[in-house]
1. Looking at this structure, is Asp123 acidic (Asp, Glu) and either more than 13 Å from the chain's Cα centre (by Cα) or outside any helix (DSSP H, G or I) (or both)?
2. Can you pull out every residue in the stretch 25-45 that is small (Gly, Ala, Ser), touching a strand residue (DSSP E or B) at 6+ places or on another chain (Cβ under 7 Å) and either surrounded by fewer than 17 Cβ atoms within 10 Å (Cβ to Cβ) or at pLDDT below 95 (or both)?
3. In the stretch 89-116, which residue that is in contact (Cβ under 8 Å) with a residue 60 or more places away in the chain and over 14 Å from the mean Cα position of the chain (by Cα) is nearest to Leu65 (Cα to Cα)?
4. Among the residues of the stretch 78-90, is there at least one that is surrounded by 17 or more Cβ atoms within 10 Å (Cβ to Cβ), among the basic types (Lys, Arg), at pLDDT 95 or above and farther than 20 Å from Leu42 by Cβ?
5. Any residue at all in the stretch 46-63 that is over 19 Å from Trp125 (Cβ atoms), at pLDDT 95 or above and β-branched (Val, Ile, Thr)?
6. Residue by residue through the stretch 96-111, note down the ones that are more than 11 Å from His127 (Cα to Cα) and crowded, with 18+ Cβ neighbours inside 10 Å.
7. Looking only at the stretch 92-114, decide whether some residue is small (Gly, Ala, Ser), touching a helix residue (DSSP H, G or I) at 6+ places or on another chain (Cβ under 8 Å) and under 25 Å from Arg12 (Cα atoms).
8. Being among the aliphatic types (A, V, I, L, M), at pLDDT 95 or above and surrounded by fewer than 16 Cβ atoms within 10 Å (Cβ to Cβ) narrows it down to one of Val93, Val22, so name that one.
Amino acid sequence: MNAKHNADPIPRGPLGTAAVAVGVVFLLVGLLGFVPGITTNLGELEFAGHESNAKLFGVFQVSVLHNLVHVLFGLAGLLMARTAPLARTYLLVGGLIYLALWVYGLVIDKDHDANFVPVNTADDWLHFALGIGMVGLGLILGRGHGRRRV
(Lines give C-alpha, C1' and ligand atoms only; values in the text may rest on other atoms or scores of the structure.)
Protein backbone atom coordinates (compact mmCIF):
# COMPACT_ATOMS: atom_id res chain seq x y z
CA MET A 1 0.00 0.00 0.00
CA ASN A 2 1.44 3.37 -1.03
CA ALA A 3 -0.86 5.56 1.03
CA LYS A 4 1.14 8.22 2.78
CA HIS A 5 0.05 9.30 6.24
CA ASN A 6 0.84 12.96 6.78
CA ALA A 7 0.75 13.99 10.43
CA ASP A 8 2.02 17.47 9.65
CA PRO A 9 -0.33 20.34 10.42
CA ILE A 10 -2.08 22.17 7.60
CA PRO A 11 0.51 24.39 5.92
CA ARG A 12 -0.33 28.02 6.65
CA GLY A 13 0.85 31.29 5.29
CA PRO A 14 1.12 34.44 7.40
CA LEU A 15 -2.64 35.11 7.33
CA GLY A 16 -3.51 31.61 8.50
CA THR A 17 -0.87 31.74 11.20
CA ALA A 18 -2.19 35.09 12.44
CA ALA A 19 -5.78 33.81 12.45
CA VAL A 20 -4.73 30.71 14.41
CA ALA A 21 -2.79 32.82 16.93
CA VAL A 22 -5.70 35.23 17.45
CA GLY A 23 -8.17 32.34 17.60
CA VAL A 24 -6.12 30.47 20.21
CA VAL A 25 -5.86 33.59 22.36
CA PHE A 26 -9.63 34.16 22.22
CA LEU A 27 -10.31 30.49 22.97
CA LEU A 28 -7.97 30.50 25.97
CA VAL A 29 -9.33 33.79 27.31
CA GLY A 30 -12.88 32.46 27.00
CA LEU A 31 -11.99 29.31 28.93
CA LEU A 32 -9.94 31.20 31.54
CA GLY A 33 -13.04 33.27 32.27
CA PHE A 34 -14.41 30.18 34.04
CA VAL A 35 -11.29 29.40 36.11
CA PRO A 36 -11.26 30.37 39.80
CA GLY A 37 -8.29 32.49 40.75
CA ILE A 38 -7.71 33.68 37.20
CA THR A 39 -11.21 35.14 37.28
CA THR A 40 -11.91 36.95 40.53
CA ASN A 41 -15.35 36.89 42.14
CA LEU A 42 -16.23 33.81 40.09
CA GLY A 43 -19.10 33.09 42.47
CA GLU A 44 -20.67 36.34 41.27
CA LEU A 45 -20.48 35.34 37.60
CA GLU A 46 -23.84 36.02 35.96
CA PHE A 47 -25.05 34.63 32.64
CA ALA A 48 -25.21 38.15 31.20
CA GLY A 49 -25.68 41.73 32.28
CA HIS A 50 -23.80 44.44 34.08
CA GLU A 51 -24.53 42.85 37.48
CA SER A 52 -21.81 40.26 36.93
CA ASN A 53 -18.95 41.13 39.27
CA ALA A 54 -16.56 38.48 37.95
CA LYS A 55 -13.36 39.89 36.46
CA LEU A 56 -10.85 38.09 34.30
CA PHE A 57 -7.37 38.72 35.74
CA GLY A 58 -9.16 40.96 38.27
CA VAL A 59 -9.56 43.63 35.57
CA PHE A 60 -11.91 42.72 32.71
CA GLN A 61 -15.59 42.31 33.57
CA VAL A 62 -16.94 38.99 32.29
CA SER A 63 -20.11 36.93 32.27
CA VAL A 64 -20.96 33.47 30.98
CA LEU A 65 -22.14 35.10 27.74
CA HIS A 66 -18.94 37.16 27.46
CA ASN A 67 -16.80 34.04 27.95
CA LEU A 68 -18.84 32.01 25.45
CA VAL A 69 -18.50 34.77 22.84
CA HIS A 70 -14.71 34.60 23.27
CA VAL A 71 -14.75 30.81 22.90
CA LEU A 72 -16.89 30.98 19.74
CA PHE A 73 -14.78 33.80 18.31
CA GLY A 74 -11.68 31.70 18.95
CA LEU A 75 -13.17 28.64 17.26
CA ALA A 76 -14.14 30.80 14.27
CA GLY A 77 -10.52 31.94 13.97
CA LEU A 78 -9.23 28.37 14.01
CA LEU A 79 -11.75 27.27 11.38
CA MET A 80 -11.24 30.29 9.14
CA ALA A 81 -7.44 29.94 9.25
CA ARG A 82 -7.65 27.13 6.69
CA THR A 83 -7.41 29.46 3.69
CA ALA A 84 -5.82 32.87 3.23
CA PRO A 85 -9.07 34.57 2.08
CA LEU A 86 -11.02 33.22 5.05
CA ALA A 87 -8.24 34.12 7.47
CA ARG A 88 -8.12 37.65 6.06
CA THR A 89 -11.90 37.94 6.39
CA TYR A 90 -11.71 36.74 10.00
CA LEU A 91 -9.07 39.32 10.87
CA LEU A 92 -10.71 42.23 9.04
CA VAL A 93 -14.34 41.57 9.98
CA GLY A 94 -13.43 40.47 13.49
CA GLY A 95 -11.35 43.60 13.94
CA LEU A 96 -14.22 45.79 12.73
CA ILE A 97 -16.56 44.01 15.16
CA TYR A 98 -14.17 44.77 18.02
CA LEU A 99 -13.90 48.41 16.95
CA ALA A 100 -17.71 48.58 16.95
CA LEU A 101 -17.73 47.03 20.44
CA TRP A 102 -15.24 49.68 21.54
CA VAL A 103 -17.53 52.48 20.34
CA TYR A 104 -20.55 50.71 21.87
CA GLY A 105 -18.75 50.46 25.21
CA LEU A 106 -17.87 54.15 25.12
CA VAL A 107 -21.43 55.34 24.50
CA ILE A 108 -23.50 53.08 26.76
CA ASP A 109 -24.18 53.62 30.44
CA LYS A 110 -22.22 50.82 32.13
CA ASP A 111 -24.98 50.46 34.77
CA HIS A 112 -27.78 50.12 32.20
CA ASP A 113 -29.35 47.00 30.71
CA ALA A 114 -27.68 47.93 27.40
CA ASN A 115 -24.46 46.65 29.00
CA PHE A 116 -25.65 43.08 28.56
CA VAL A 117 -22.31 41.44 27.63
CA PRO A 118 -20.96 43.12 30.07
CA VAL A 119 -18.06 45.49 29.44
CA ASN A 120 -16.12 47.90 31.63
CA THR A 121 -13.60 50.61 30.74
CA ALA A 122 -10.72 48.10 30.64
CA ASP A 123 -12.73 45.97 28.18
CA ASP A 124 -13.42 49.03 26.04
CA TRP A 125 -9.74 49.85 25.55
CA LEU A 126 -8.83 46.21 25.04
CA HIS A 127 -11.50 46.04 22.32
CA PHE A 128 -9.91 49.09 20.68
CA ALA A 129 -6.45 47.51 20.72
CA LEU A 130 -7.81 44.17 19.44
CA GLY A 131 -9.74 45.88 16.66
CA ILE A 132 -6.74 47.91 15.49
CA GLY A 133 -4.45 44.89 15.77
CA MET A 134 -6.72 42.52 13.87
CA VAL A 135 -7.52 44.99 11.09
CA GLY A 136 -3.82 45.83 10.86
CA LEU A 137 -2.87 42.17 10.56
CA GLY A 138 -5.55 41.58 7.95
CA LEU A 139 -4.40 44.55 5.87
CA ILE A 140 -0.64 44.10 6.21
CA LEU A 141 -0.52 40.32 5.87
CA GLY A 142 -3.33 40.28 3.33
CA ARG A 143 -1.64 42.42 0.71
CA GLY A 144 -2.25 40.74 -2.60
CA HIS A 145 -4.89 38.37 -1.21
CA GLY A 146 -8.49 38.94 -2.14
CA ARG A 147 -7.63 40.90 -5.27
CA ARG A 148 -8.75 39.47 -8.54
CA ARG A 149 -6.23 39.18 -11.30
CA VAL A 150 -7.39 40.36 -14.68
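1. Against the criterion (acidic (Asp, Glu) and either more than 13 Å from the chain's Cα centre (by Cα) or outside any helix (DSSP H, G or I) (or both)), Asp123 does not qualify.
2. None; the set is empty.
3. Restricting to residues being in contact (Cβ under 8 Å) with a residue 60 or more places away in the chain and over 14 Å from the mean Cα position of the chain (by Cα), the top hit is Phe116.
4. Within the stretch 78-90 (the criterion being surrounded by 17 or more Cβ atoms within 10 Å (Cβ to Cβ), among the basic types (Lys, Arg), at pLDDT 95 or above and farther than 20 Å from Leu42 by Cβ), the answer is yes, since at least one residue qualifies.
5. No, the stretch 46-63 has no match at all.
6. Correct list: Ile108 only.
7. Within the stretch 92-114, one or more residues are small (Gly, Ala, Ser), touching a helix residue (DSSP H, G or I) at 6+ places or on another chain (Cβ under 8 Å) and under 25 Å from Arg12 (Cα atoms).
8. None of the others qualify; the one that does is Val93.
The values are calculated or read from the model by the stated rules, or taken from the named source; none is laboratory data. Everything quoted here is computed from the prediction, not taken from an experiment. Note that we place each Cβ from the backbone using ideal geometry, even for glycine, and neighbour counts take in every protein chain shown.
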